[in-house]
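The values are calculated or read from the model by the stated rules, or taken from the named source; none is laboratory data. Just so we're clear, the structure is a prediction, and the values are computed from it rather than from any experiment. A quick note on method: Cβ atoms are made from the backbone with ideal geometry, for glycine too, and the neighbour counts reach across all protein chains shown.
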Amino acid sequence: MTTELTKHVTQDDMTLYSGPGNIHSDIDVARRTGLEAPIAQGMMTLAFASELMTQVCGPEWLERGEISVKFTKPVFAGDTVTVSAAAGTDGYDVKAVNRSGQTLMVGTARLR
Amino acid sequence: MGRWTEAHVGETFGPMEFRLTEKLQQRYIDGTHNAIPEHERFFDPSVAGNFAIYLLGERYPGPIIHSHQELKYFAPVAVGQTLIATGALSLKEMRREKAYVAIDCDFRVGDELVWQAKMTCIWPEVHLRGEV
């Protein structure tokens, strides 16, 4: 069984989550760092997965949850991100994709 | 400000205090449009990854780009509580001409271990500053 959660990411969301004056909220800082535009903080995408895992596992997630992910592509303002948790033999395969189907984050999650 | 050349595996960080205020909680909830009832009373523990950035950034400021993140949760942490974070650098290496570091962090409320985080990230600054 696979459970999904979809979020639309705006620049306002990115600035609120990460604060001002950094690669997530300021285009000049982002470009000085070699990025074409501000990118969403990886932890934002992981927060979407954390929200999903709390939906899937309930309050136990806060006491026995474990998650391990790799960030594979940046999230930009305007992107739509769908995170999914597919139940496996020892937990869940977690993935985040954008509207083009590109994988943004991939990993595993489980309750100990 | 710390430099890439000074960072070493085993280097320790903290203790650093994080006060989990309602205002901070609201910022994370609103920024992600988090609709989970559990996260109104208890902090979404994924913020441990954000606090790991602060812990590293206190000595090595500047942007980082997350590569991997591992999180383990042991107890819910309520809004209003105070976390004490400590960490140790567990990786420092060049991969495909990028500077990677990892920091392993423990987060405690009082004496109780509540969260663990291992953050692996790329330090773009070290290239821009010509440190590697």
For residues that are under 23 Å from B:ILE122 (Cα atoms), surrounded by fewer than 21 Cβ atoms within 10 Å (Cβ to Cβ) and within 11 Å of another protein chain (Cβ to nearest Cβ), scanning just region A:102-112, find the one that is farthest from the chain's Cα centre (by Cα).
A:THR108
When you scan region A:37-58, do you find a residue that is at pLDDT 95 or above, under 13 Å from the mean Cα position of the chain (by Cα) and aromatic (Phe, Trp, Tyr), even just one?
yes
Taking region A:26-78 and keeping only residues that are within 8 Å of another protein chain (Cβ to nearest Cβ), among the acidic types (Asp, Glu) and surrounded by fewer than 19 Cβ atoms within 10 Å (Cβ to Cβ), one is left with A:GLU63, A:GLU66
Of all residues in region A:84-101, which are surrounded by 12 or more Cβ atoms within 10 Å (Cβ to Cβ) and in a loop (DSSP other than H, G, I, E, B)?
A:ASN98, A:ARG99
Could you say whether any residue in region B:9-23 is free of Cβ contacts under 8 Å to residues at least 40 places away in the same chain, within 9 Å of chain A (Cβ to nearest Cβ) and either more than 17 Å from the chain's Cα centre (by Cα) or under 25 Å from A:MET14 (Cα atoms) (or both)?
no
Any idea how many residues of region B:26-73 are hydrophobic (A, V, I, L, M, F, W, C), crowded, with 22+ Cβ neighbours inside 10 Å and either at the interface with chain A (Cβ under 8 Å from one of its Cβ atoms) or more than 13 Å from the chain's Cα centre (by Cα) (or both)?
3
Before we move on, is A:MET14 at the interface with chain B (Cβ under 9 Å from one of its Cβ atoms), in contact with a His (Cβ under 6 Å, 6 or more places away or on another chain) and among the aliphatic types (A, V, I, L, M)?
yes
